[in-house]
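Asker: Pasting a structure here, questions to come.
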Amino acid sequence: MEDKMFCFQCEQTAACTACTGKAGVCGKPFDVAFAQDELTGALVGLAQTELVAHKRTRRADELIVNGLFTCVTNVNFDKKAVDAITTQVQSEKNRLAAEAGISAAADLPLGGVWTDNEDIRSLKSLILFGLRGMAAYAYHARVLGKTDERIDAFFVKALAALATESSVDTLLSLTLEVGEVNLICMGLLDDANTGAYGTPTPTEVTLTVEPGPFIVVSGHDLRDLETILKQTESKGINVYTHGEMLPAHGYPELRKYPHLKGNFGTAWQNQQKEFKNIPAPVVFTTNCLMPPRPSYKDRIFTTELVAFPELVHIDEVNGEKDFTPVINKALELGGYETAQEFTGINGGHKVMTGFSHGAVLSIADKIIDAVKSGAIKHFFVVGGCDGARPGRNYYTELVEQTPTDSVILTVACGKFRFNDLDLGTIGGIPRILDVGQCNDAYGAVQIALALAKAFDCNVNDLPLSFVLSWYEQKAVCVLLTLLHLGIKNIKLGPTLPAFISPDVLNILVENYGIAPIGEVSEDLAKMLA
Ligand code: SF4
Ligand code: SF3
């Protein structure tokens, strides 16, 4: 095996080009990168075999979702865990081929995609990374019992196209189809989450941690949080959300647990600092896990597809998960002796969440009146991932400088840059509305579409600007959804993806007016013009 990896799927990629050394900037070692390429190649082989056999199986659907999600940035650093999925994928492929009496398609050597003509490579990367992001959403919906035939069939079609398709036009339309199907997928997850836990409503969340044992739960998986809340009931253990789990506080069926107390820490890239010597266990239910430092390595637990060598992984056995090792760790560490008044990035002691599309649309009349009276003159959607690059201060500065007659809708973990700011209210409507996790971009889209309907215009004619921050592949599929919806003039930062070739970028600029973020005051002036 070569000892040089190739990975350029996230914003953090080395020199804004590609991670090509013995480990990625994220800490992923080259052998894991190779294992992920092999897994992806195996998924392509499975998809091609399914197409030839004219047959999909439940097992194959599940393996495709798991395999794609496993390769998302900051999810799985464990070669053994990745290889185990590859073996399952190959054996399902061979089983299916034998059953259908055909020969199984060969696994795709992914190296060929990375060295293809730059436009083909760019479009195939957009498709593959978009699929990986979408698979994360499909996974969370699936654990709550929701699947959709259109999504599972599309995974097969798009994966197979990575091996068979070489026309730029066809790949371009497939890229937009990723966005179209991802809209269905985010809608499915919205249904799954609200079906299980109710419609989120505005909720204030404290950043203070009370004395005594506690557990921190990070990631996107609400069912894991619910299981932990149930298993810690009456045990004198408090539970705090972290990162993308913050919006969980908005859901009535999760908020009802009195020991779901507040939120610990900020966005993922601060975890190595914020978890230093933390007197409590932390459970990672999805991305974004960073290689744990020695001062807290013994208290990090993973579950679902998240894995890191030597960490305890909580498995599902017969549909049940037992978080006893986490509970015992919480009791052993004991938490803080006195209440700790933590703050957000800007010094705020609390944040608000729960402004789901259901909650916002329930006050649609109030919002429409505020627009008609001129009290609200502009909406911004400032959403997406957070990350370590200093250029991300742009998002804080932008939000701080937005005019007082504007409202900011936000989703995903980029909000931690500004969600503790007190920007006041307009006629009782807070100026910062946290719609939820990155998948709740679905909700932001529903709000935008409802406003367009109320004003009898197109979303692009609304006084509404999209300013996105990206880091990993879920942001890629959300961006593709916005493009599929025809949303124009999106600003994207902090840097443009390394996998977008100049020609593909030109297409995006010409057709959608997509532009990199620039200087805050200039960008604001343009958006408000
Ligand atoms: Fe590099 Fe990002 Fe790939 Fe990690 S996921 S290896 S940081 S490009
Ligand atoms: Fe953040 Fe990882 Fe992307 Fe769900 S948690 S948005 S970076």
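The values are calculated or read from the model by the stated rules, or taken from the named source; none is laboratory data. None of the values given here were measured: they were computed from a predicted structure. So basically every Cβ, Gly included, is an ideal-geometry build from the backbone, and we count neighbours across all protein chains shown.
Asker: Could you go through the stretch 470-478 and let me know if any residue there is more than 16 Å from ligand 1 (Cβ to nearest atom) and buried (at least 24 other Cβ atoms within 10 Å of the Cβ).
Answerer: Yes, the conditions are met somewhere in the stretch 470-478.
Asker: Same structure, new question: Can you tell me which residue among 124, 93 is over 28 Å from the mean Cα position of the chain (by Cα), buried (at least 23 other Cβ atoms within 10 Å of the Cβ), in contact (Cβ under 8 Å) with a residue 24 or more places away in the chain and not assigned by the TED database to the domain that holds residue 475?
Answerer: Checking each option against the conditions leaves just 93.
Asker: Here's another thing I want to ask about it. Would you point out the residue of the stretch 410-425, among those that are in a strand (DSSP E or B) and buried (at least 20 other Cβ atoms within 10 Å of the Cβ), that is nearest to ligand 1 (Cβ to nearest atom)?
Answerer: Among those that are in a strand (DSSP E or B) and buried (at least 20 other Cβ atoms within 10 Å of the Cβ), it is 411.
Asker: State whether one or more residues within the stretch 30-43 are within 16 Å of ligand 1 (Cβ to nearest atom), more than 19 Å from residue 132 (Cβ to Cβ) and surrounded by fewer than 17 Cβ atoms within 10 Å (Cβ to Cβ).
Answerer: Yes: one or more hits.
Asker: If you scan the stretch 71-90, which residues turn out to be touching a residue at least 24 places away in the same chain (Cβ under 8 Å) and under 13 Å from residue 46 (Cβ atoms)?
Answerer: Residues satisfying the conditions are 85, 86, 88, 89, 90.
Asker: Still on this structure, please answer the following. Sort out which residues of the stretch 12-33 are over 16 Å from residue 307 (Cβ atoms) and among the charged types (D, E, K, R), and write them in order of number.
Answerer: 22
Asker: Can you say whether residue 466 is within 16 Å of ligand 2 (Cβ to nearest atom) and either hydroxyl-bearing (Ser, Thr, Tyr) or in contact with a Lys or Arg (Cβ under 9 Å, 6 or more places away or on another chain) (or both), as far as the supplied structure shows?
Answerer: Yes, satisfied.
Asker: Could you grab me the full set of residues in the stretch 379-390 that are within 16 Å of ligand 1 (Cβ to nearest atom) and either assigned to a strand (DSSP E or B) or under 15 Å from residue 521 (Cα atoms) (or both)?
Answerer: Residue satisfying the conditions is 384 alone.
Asker: Can you tell me which residue in the stretch 391-409 is surrounded by the fewest Cβ atoms within 10 Å (Cβ to Cβ), limited to those that are in a helix (DSSP H, G or I) and polar (S, T, N, Q)?
Answerer: 401
Asker: Of everything in the stretch 54-101, what is on the phi < 0 side of the Ramachandran plot and within 16 Å of ligand 2 (Cβ to nearest atom)? Give them in sequence order.
Answerer: 68, 69, 70, 71, 72, 73, 75, 76, 77, listed by residue number.
Asker: Here's another thing I want to ask about it. Restricting to the stretch 8-53, what's the tally of residues that are without any contact (Cβ under 8 Å) to a residue 40 or more places away in the chain, in contact with a helix residue (DSSP H, G or I) (Cβ under 9 Å, 6 or more places away or on another chain) and away from ligand 2 (no atom under 16 Å from the Cβ)?
Answerer: So the answer is 6.
Asker: Please find, within the stretch 252-308, the residue that is surrounded by the most Cβ atoms within 10 Å (Cβ to Cβ) out of those that are under 14 Å from residue 413 (Cβ atoms) and small (Gly, Ala, Ser).
Answerer: It comes out as 267.
Asker: Taking residue 319 as the residue in question, decide whether it is loosely packed, with under 13 Cβ neighbours inside 10 Å and assigned by the TED database to the domain that holds residue 276.
Answerer: yes
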